[in-house]
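J.: Below: one structure in structure tokens.
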Amino acid sequence: EETEVAPPSGKKKILVLGSGPIRIGQGIEFDYCSVHAVWALQKLGCETVIINNNPETVSTDFDTADRLYFEPLTPEDVTGVVEAEKPDYAIVQFGGQTAINLAAHLEKLGVPILGTPAWSIDAAEDREKFDVILEKCGIPRPAGHTVMTEEEAVKAADELGYPVLVRPSYVLGGQGMEIAYKESDVREFMQVITRNKVENPVLVDKYMMGREIEVDAICDGDDILIPGIMEHFERAGVHSGDSISIYPSINIEKKHKDTLVRYTESLAKNLAVLGLVNIQFVLYNDQIYVIEVNPRSSRTVPYISKVTGVPMVDLATRCMFGEKLRDMGCGTGLHPESDHYAVKVPVFSFQKLRDLDTQLGPEMKSTGEVLGVAKSFREALLKGLTGAGFKMKKKGAVLISVRDSDKQEAIRIGERFEALGFDIYATSGTANVLNRHMVATNAIRNVDEPSPNIIDLIESGKIDYVIATSVKGRHPELGSVHIRRTAVERAIPCLTSMDTVSALLRCLEGDIKIENCEMIDINSI
């Protein structure tokens, strides 16, 4: 049966690459995009062939596409399908990074890529090619260097000034990406990255702790449509998949929105994008910088499609066949903003992943997400946090252990918890700062000190929230990792970003209760 191919139907045959097995960084969102693309292609009168090997997705249902190949997404297996089916075109931009990485291989096999060409995909990943495009567009980005070895990385970090972002290219979900605050961090991260043979260069960028902004857009070659601009609650440095994401944005001025639209249009045209593009920006010192461009669908496409009513995948697929946005009746530029707030909150599986440090950073760790929709931002946030599993206790005890750079922020956080009536516990350094600033705090012994210490306190059941931003580590024996793991194993909410703490407090300080929140029919907005 595997060698049998249906006789020609006379229709155009389109090969759609799925996203492969679901894992952290690549989830069901890309399956949503693949399936909606198949439906759009069928409406356009095409025959569809899907390659995907994930049994838990809709794309591998027997009746989704005309032909399903349950094969791994590797060059060898894709070659076999191409030789058997002889498709007229292939679409790779809906299967995430896995599918995108096969674009060049498909072109070598003589299968034309529908949508954004393979050279453009490469230009978005290749630092030198991307820099040329940014310079042509006049768009700034954080200063950075391309390196291949540990010594080159150390030299680049010294030139840029710490902190720096160290990341491999052509990866998914920020895999292997870390923020380095000193030379020993750079050496440690480079040893991890280069443990396997490095074929693609490693990028070392200046780290800017600004406000991160995400834009998904559709480009038809002439015009763009941006359904909405999403703002991350956590500052840059936390992976977009692990951040609380807000639409419409609440802190971005109109002048910056105009800049974002202009930059998005310029990048989409210069990268010859046809279909979807995802761009991540950072707003730092009143200036917009571009962090990265992904000429493909992203994990936010289903979210922004649902809350704006713009069927992004359907429109993008039609653009690939030469239709223009102006003729589809959906408008161009920035789509009018919704009068409802939609807050995406990540969900984690830390209890199931033993010994993993729960500290959030540029490498993605979330395994799901929930969406809170309401007429007010605070109510949407409350719905999102509750859906993500937060118990939202308004009284009790909080434990604070933060790194030196967060201690000034911890004072305001402590004051807000104290005003709510919480008892505050903290490790010696943090307790000292809080008490000096008139926030009544109980000092407790650290992990490496005799009992009763911080671990005993967490295990006692007295603590309702743990705030732990102290040193991040790959080794479970580190004290800070031990604190966070103990909290997770006792099912105590453990917050590792001061912005997430602020989001939680925003809900606790309000008088809204989840049972009083209005139910919203997402189809009506």
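J.: State the number of residues belonging to region 63-77 that are outside any loop (DSSP other than H, G, I, E, B) and of a type outside the set (D, E, K, R).
T.: Looking only at that region, the number is 3.
J.: Taking residue 80, is it surrounded by fewer than 23 Cβ atoms within 10 Å (Cβ to Cβ) and within 21 Å of residue 304 (Cα to Cα)?
T.: no
J.: Show me the helices (runs of 4 or more DSSP H) found entirely inside region 90-172 where at least 1 residues are more than 26 Å from residue 36 (Cα to Cα).
T.: Those helices (runs of 4 or more DSSP H) span 103-108, 118-125, 127-137, 150-160.
J.: Further, regarding this structure: Would you please name the residue that is farthest from the chain's Cα centre (by Cα), looking only at residues in region 247-278 that are surrounded by 24 or more Cβ atoms within 10 Å (Cβ to Cβ) and β-branched (Val, Ile, Thr)?
T.: Result: 273.
J.: Restricting the search to region 419-429, which residues are in contact with an Asp or Glu (Cβ under 9 Å, 6 or more places away or on another chain) and among the β-branched types (Val, Ile, Thr)?
T.: 424
J.: Go through (1) assigned to a loop (DSSP other than H, G, I, E, B); (2) β-branched (Val, Ile, Thr); (3) at pLDDT below 85 one by one and return the number of the condition residue 463 breaks.
T.: In the conditions (1) assigned to a loop (DSSP other than H, G, I, E, B); (2) β-branched (Val, Ile, Thr); (3) at pLDDT below 85, residue 463 misses (3) alone.
J.: Would you call residue 80 of a type outside the set (Phe, Trp, Tyr), in the same structural domain as residue 24 (by TED's automatic domain parsing) and either in contact with a helix residue (DSSP H, G or I) (Cβ under 6 Å, 6 or more places away or on another chain) or in contact (Cβ under 8 Å) with a residue 24 or more places away in the chain (or both)?
T.: For residue 80, the condition - of a type outside the set (Phe, Trp, Tyr), in the same structural domain as residue 24 (by TED's automatic domain parsing) and either in contact with a helix residue (DSSP H, G or I) (Cβ under 6 Å, 6 or more places away or on another chain) or in contact (Cβ under 8 Å) with a residue 24 or more places away in the chain (or both) - is not met.
Yes/no matrix, rows are residues, columns are (1) of a type in the set (Val, Ile, Thr); (2) touching a Gly at 6+ places or on another chain (Cβ under 8 Å); (3) outside the structural domain of residue 179 (by TED's automatic domain parsing):
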position	(1), (2), (3)
409	no, no, yes
423	no, yes, yes
440	no, no, yes
445	no, no, yes
450	no, no, yes
455	yes, no, yes
489	no, no, yes
494	no, no, yes
502	no, no, yes
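A quick yes/no check of all residues on (1) within 22 Å of residue 314 (Cβ to Cβ); (2) surrounded by 15 or more Cβ atoms within 10 Å (Cβ to Cβ):
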position	(1), (2)
6	no, no
11	yes, yes
34	yes, yes
40	yes, yes
45	yes, no
51	yes, yes
64	yes, yes
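The values are calculated or read from the model by the stated rules, or taken from the named source; none is laboratory data. From a predicted model like this one, the values you see are computed outputs, not experimental measurements. Heads up, the Cβs are rebuilt from the backbone with ideal geometry, glycines too, and the neighbour counts pull from every protein chain shown.
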